[in-house]
Amino acid sequence: MVVAAKQIISAAVDLLYPRNCHFCRQPLAEQERGVICAACLATVRWVEPPCCSRCALPFVGAVNGAFECGYCKDLDLHFSRGVAACLARGIVLASIHEFKYNRQLYFGRHLADWIVSAGRAHVDWSGVDAIVPVPLHPRKRREREFNQAEYLASALEKEFAKPVFARHVRRVRDTLTQTHLDAQERRENLSGAFAEGRRARELKGKRVLLVDDVFTTGATLDACARVLRVAGAADVWVLTVARGAYV
């Protein structure tokens, strides 16, 4: 009865205030969830093999089996595998920006759908004990009023029934924005930015899935993974919505 009433109310609202796709402005069908139409969603470029097993960088060409790209081979990374759902371009990148910086929270449903799809396709959940979202600095969290990584981690927890450990790593230094920094500058910028939380030792021996919205150079994720390993995590994997291009 309640469900039927909600459906009637929703249909009446859509009739009075038709929903349009945020990007192409075409009317959304009643069954289309969120704010992006099926045609625009079809433009999403998914990250599929062959790609680097450490950073999820796509590779054009034939590759047999798992491989690491030249970028990762030159680094002493603290996570053993990286998975990304989509390329950080087009509607994916725009959706992340609208969600994270403009507080357009209705994009969250699409980000959650993308990361859950990647988790379903490319993560062995029998080997995951805990989900850890990359933390924000307290000042940035107050400004934004939410942490996008925690939102994504909650969606994964609901889908795959793995616990979220959201207070076990802290961001203790409010760093400069990474946007205009190259790979080396990003790593230097993040030196000492993360520390163990008071409950970090609960992660000892656990296999951790570290979650964030975008993997670009991996500097943020690696700095966070380092703290997890020091706290005793047995292994760290990374899962993000998008894979960006590093400079």
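Just so you know, all these numbers are worked out from the coordinates, no wet-lab data involved. The structure presented is a predicted model; accordingly, all values stated were derived computationally and were not measured. Because the Cβ atoms are built from the backbone with ideal geometry, glycine has one as well, and the counts that use them run over all protein chains shown.
Could you please rank 117, 126, 80, placing first whichever residue has the fewest other Cβ atoms within 10 Å of its Cβ?
On the way: 117 16, 126 7, 80 13.
Sorted ascending by nearby Cβ count, the order is 126, 80, 117.
Across 55, 86, 40, mean-square fluctuation computed from a Gaussian network of the chain (C-alpha pairs under 10 Å connected) peaks at 40.
Per-residue extension of 0.36 nm, minus the Cα-Cα distance of residue 97 and residue 72, leaves a gain of 6.3 nm for this segment. Spin-label pair residue 185-residue 24: with each label point 7 Å from Cα along the Cα-Cβ axis, the two points sit 3.8 nm from one another. Simple spin-label estimate for residue 104 and residue 117 gives 1.9 nm between the two label positions (7 Å along the Cα-to-Cβ direction from each Cα). Checking the a/c ratio against 1.5 first, then a/b against b/c, what shape does the Cα gyration tensor give for the chain? Note, shape of the chain comes out prolate.
Measuring r between the beta carbons of residue 199 and residue 59 and using R0 = 35 Å, the FRET efficiency lands at 0.35. With 0.36 nm allotted per residue and the present C-alpha distance subtracted, the residue 174-residue 45 stretch has 43.2 nm of extension available. At a Förster distance of 51 Å, what's the computed FRET efficiency of residue 230 paired with residue 32, Cβ-Cβ distance as r, to 0.05? That pair, residue 230 with residue 32, gives E of 0.65. Between residue 159 and residue 126, the simple label model (points 7 Å from Cα in the Cβ direction) yields a spacing of 2.0 nm.
Screening the chain for whole DSSP H helices of 15 Å or more along their axis (Cα) with average Kyte-Doolittle hydropathy at least 0.0 returns 2-16, 90-101, 219-230.
Our note on the geometry: Cα centres of the stretch 18-77 and the stretch 192-222, 23 Å apart. Going from the residue with the fewest nearby Cβ atoms within 10 Å to the one with the most, 98, 188, 145, 159 rank 145, 188, 159, 98. Using a Gaussian network model of the chain in which every pair of alpha carbons under 10 angstrom is joined by a spring, one finds that among 27, 50, 58 the greatest mean-square fluctuation is at 27. Annotation for the stretch 24-73: trypsin sites (Lys or Arg not before Pro) lying in DSSP loop with at most 12 further Cβ atoms inside 10 Å of their Cβ are 25, 33. Only beta bridges with both residues in the chain are counted; by DSSP, about 25 percent of them are antiparallel.
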